[in-house]
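Below is one structure; the comments refer to it alone.
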Ligand code: ADP
Ligand code: MG
């Protein structure tokens, strides 16, 4: 019981509610190693749970209220379980309320037992590491157990998504929650976004002397020309023109046909998704056959595809990737939705400081905001701590 955030969570609970928690549950943030903009095309993603976690200390109440407090904000919120609905006034509490609503709903029986909840976390917020899934999965796991709701990890991932879609009001997929729940030490989660089958694949980063650097550019996602919606629409129209239910059903063999019938922009969008899906599969195969030092080129090919075909990179992300590669990273790419956010760089441990200092210097020279750079490793998924 030495983890400082775990201790702070318990202390925070005691201070807020003047009693002991009945238990503490935790769930990690995640980083996506490869497989970008493939999720809503029913393709493949390959994220891993990181060694940054959100903790939820919980104790039952005498009534049917869900009360939430967090080190993250002075604002506390409470609501009767049956009253949970989408409401701007929920603020950050929309995440725990949403998962409470969803776990209750998916349990198939009315849940009337209320709880006091206190949340603390060392997952950076808004760095593309899914602090939202971490909070949903920590609280979801706790309520599932305390309500005896009987949901397995697959259903809990669904609950996180349902809460985020219906109560937070964010139209997100299921990758983040799946990574947070199915993560394992030194493994990434190969997720088929059509069947929702999730499989842990060994990474072997530590044995190979590698770490994954996160380079958070601090550039807020600039939604130029409604970027995300436009990309989704292009994928849908491209699939339709090619007679496929989704881009998942197409392979590189279809690209010649795509070149003949699609307009140049749609062709580029479609080509990114098709090639990205095969890069994810190739990454999994390469890890098994040759180990993690062999996946560097696939990571960079993913970056080039997002930069040139999907056109969602920005100068800061390109600079982070190119500088990291020049100074010893074996693979690097932008990660996340695009137009801002973070890049990742798979880096030999002895090159970590050179890569870090070089990226900082390059950003300063170019007059960019100071990026935040730190290493993450693949950690266990959501679990009960106490
Ligand atoms: P991310 O990429 O980090 O998931 P999101 O915008 O999806 O970014 O989710 C971030 C939001 O989740 C925060 O604005 C806040 O409302 C909520 N959140 C995350 N961590 C915490 C926490 N420890 N305590 C309270 N709210 C949190
Ligand atoms: Mg999120």
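None of the figures in this text is laboratory data; all of them are computed from the coordinates on show. Bear in mind the structure is a predicted one, so any value in this text is a computation, not a measurement. Positions of Cβ are backbone-derived with ideal geometry, glycine not excepted, and every protein chain shown enters the neighbour counts.
Length gained on full extension, residue 192 to residue 249, computed as 0.36 nm times the residue gap minus the Cα-Cα distance: 19.3 nm.
With the largest listed first and rounded to whole Å, the semi-axes of the equivalent ellipsoid of the range 198-320 from the Cα gyration tensor are 28, 21, 12. Among 31, 284, 189, the largest mean-square fluctuation in a Gaussian network model of the chain (Cα springs under 10 Å) belongs to 284.
Using the Cβ-Cβ distance between residue 257 and residue 152 with R0 = 51 Å, the FRET efficiency computed as 1/(1 + (r/R0)^6) comes to roughly 0.80. Applying 1/(1 + (r/R0)^6) with R0 = 22 Å to the Cβ-Cβ distance of residue 78 and residue 20 gives a FRET efficiency near 0.65.
Compute the relative contact order of the chain as a whole-number percentage, counting only Cα pairs closer than 8 Å that sit 6 or more residues apart in sequence.
22
Helix 315-326 and the longest principal axis of the Cα set of the chain meet at an angle near 70°. Helix 264-290 and the longest principal axis of the Cα set of the chain meet at an angle near 80°. For the range 110-214, the equivalent ellipsoid built from the Cα gyration tensor has semi-axes of 26, 16, 14 Å, listed from largest to smallest. Against the chain, whose longest principal axis is taken from its Cα atoms, helix 352-365 shows a tilt of about 80°. Residue separation of residue 236 and residue 2 scaled by 0.36 nm, minus their Cα-Cα distance, works out to 79.3 nm of gained length.
Counted over the range 276-369 with a bin width of 10 Å, the fraction of Cα pairs per bin, in whole percents, is 17, 46, 31, 6, 0. Ordering of 259-266, 349-356, 156-163, 301-308 by packing is 156-163, 301-308, 349-356, 259-266, highest average first (other Cβ atoms within 10 Å, averaged per residue). When each of the peptides 274-281, 133-140 is scored by how many other beta carbons lie within 10 Å of its residues on average, the order from highest to lowest is 133-140, 274-281. Summed over qualifying helices (DSSP H, 4 residues or more, each -39500 (n - 2.57)) and divided by its residue number, the chain shows a 222 nm mean residue ellipticity of -12000 deg cm²/dmol.
Taking 0.36 nm per residue of separation and subtracting the current Cα-Cα distance, fully stretching the chain between residue 71 and residue 278 would add 70.3 nm.
Restricted to Cα atoms, the chain shows a radius of gyration and a Dmax of 21.1, 69 angstrom.
Based on the Cβ-Cβ distance from residue 87 to residue 113, what FRET efficiency comes out when R0 is 25 Å, to the nearest 0.05? Efficiency, from the Cβ-Cβ distance: 0.65. If you find the alpha carbon centre of the range 127-155 and of the range 261-340, how far apart are they in angstrom? Answer, in whole Å: 30.
Short-range pairs are left out: with C-alpha atoms under 8 Å and at least six residues apart, the relative contact order of the range 210-376 is 36 percent. Expressed as a fraction of 2.2 N^0.38 Å, the C-alpha radius of gyration for the range 33-83 is 1.83.
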